[in-house]
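Written below as structure tokens is the structure these notes are about.
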Amino acid sequence: MGFIHDGVFQEVDIATGELLFESHFSDHVPFSASYTHELQGTGRDSVSPWDPYHINSVDKDDSGNFIVSARHTHSVYSIDGTTGEILWVLGGKNNEFTDASDGRATDFAWQHDVRWHDEHTITLYDNAAKDFLGPITRSRGMIIDIDVMNRVATLRNQYFHPGGIRAHSQGNMQLLPKTGNAFIGWGHCAAYTEFTPDGEVLCDTHLSASNWFQLGLVVSYRTYKSDWVGKPLTIPSAVVVKDSVYVSWNGATEIATWRLELWDGVDMNNMHFEPLKSIEKFDFETKIELPDEIPDTYFQLVALDIKDTVLGKTTLLSKHPRQTLSERLGINVLGELSSPVVVTIFALICCYLLAMCRTLKALILLVSRIFGCSGLSQFGRRLGLEPVTTNAEQNEEYIILMAPHAD
């Protein structure tokens, strides 16, 4: 006997941690049911155990029984929730069902995500990756009607990716409750697609370059669609450009319209706004043309939901916003670098002027000492300087120091 990866699942009471149920596939499913080979482990040691079952989804029905997908046996199993015994097998070598759809209801392979849709219907994602050297197959989402009593399986519908994806691993299928649409994540091929019940593609999106799907550089094990409401803690963002205003609110999912409201111009401390017009929101950012008759005053944009409930408001806006000092000086053309550039230029100018002042003062003192120009000397004193000499004067050597004049 070698080493195996057994197929084990448990039901646990989350509140107490009590183990309610545990199943081991090796107790009920023969190894001969497996389609695996050495790529799934040799079983010769614990480092490379054989993986004969590889269960990848478990669901529970209203009767307390479990339905389990075992990828490596190409089968779906119904397991008694009390005894752990196998109730029936769909697909694979030990299939118990008559296929009423010419083999298309039971020929899935390496499948994922089997779920009960109702008590007579299951959904699953068929990877269909039987043999890369064999006939070309395509992954699909499946809806299968199950007549357990008579052991008959019927394919109600199947959904293929419009580009013919074959994902050799991962993936899922979801039937959306409100519309009945099929939402499929293509697993190893990082894409998802939404179909109408009759197969029309409503949305098809990929998360990585489709040319590299088979390399698995980006994968998405499962993809789901659900209602989600985003209520950001920030306020809407808006900017005025000429006679238009652009507004968006990152993360807000309930915006139906933007309402343009104009300040009545009466009281700045208690501002009152009058609705001017409403614009339906289509994209992430909405462009709103400002009417010609709007005066040079303040206005705001209000985000409304489909019931006209206020969700949020922008800050005060103006059609002709007042310019800042830097804008008036034209410094803003430097963009984000304007502040450090201005500071640097100002510092250089100051240093230059200071150096010029020192040179001028020294020149005045030198001329006054050499030529005895009292006028220049007095002018130097007015600048706050006093010439100071040492005994070197006797040798006609001059040391000129600049220091504040002391009265």
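All of the numbers you see were taken from the coordinates with simple rules; none came from a lab. Here the structure is a predicted model, which means the values were calculated and not measured. Glycine gets a Cβ as well: all are built from the backbone with ideal geometry, and neighbour counts include every protein chain shown.
Laid out as a table, the results:
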| item | result |
| --- | --- |
| Proximal lysines to Lys93, defined as alpha-carbon separation beneath 29 angstrom and excluding residues fewer than eight positions away on the same chain | Lys60, Lys130 |
| Cα-derived Rg to Rh of region 237-321, Kirkwood definition | 0.94 |
| Pairs beyond 21 Å (Cα-Cα), from Lys287/Lys319; Lys281/Lys313; Lys178/Lys313; Lys242/Lys277 | Lys178/Lys313 |
| Equivalent ellipsoid semi-axes, region 8-215, via Cα gyration tensor eigenvalues times 5, rooted, Å | 27, 22, 18 |
| Estimated D of region 161-265 in µm² per second, where Rh is the Kirkwood radius over Cα pairs and Stokes-Einstein applies at 37 °C, 0.692 mPa s | 193 |
| Ranked Ile165, Ile136, criterion: other C-beta atoms within 10 Å, fewest first | Ile136, Ile165 |
| All aspartates and glutamates inside 12 Å of Lys225 as judged from Cα atoms, apart from same-chain residues fewer than 8 positions distant | Glu194 |
| Overall Cα dimensions of region 190-244 - principal axes, largest extent first, Å | 48, 30, 26 |
| Residues listed by number, region 239-254, amide nitrogen under 12 Å from Ile279 label point at 7 Å toward C-beta | 239-248 |
| Region 91-130 shape via C-alpha gyration tensor axes, a/c threshold 1.5 | oblate |
| Computed FRET value (nearest 0.05) for His37 with Asp13, which takes r as the C-beta separation and R₀ as 41 Å | 0.55 |
| Value of relative contact order over region 59-199, rounded to a whole percent, pairs C-alpha under 8 Å and six or more apart | 16 |
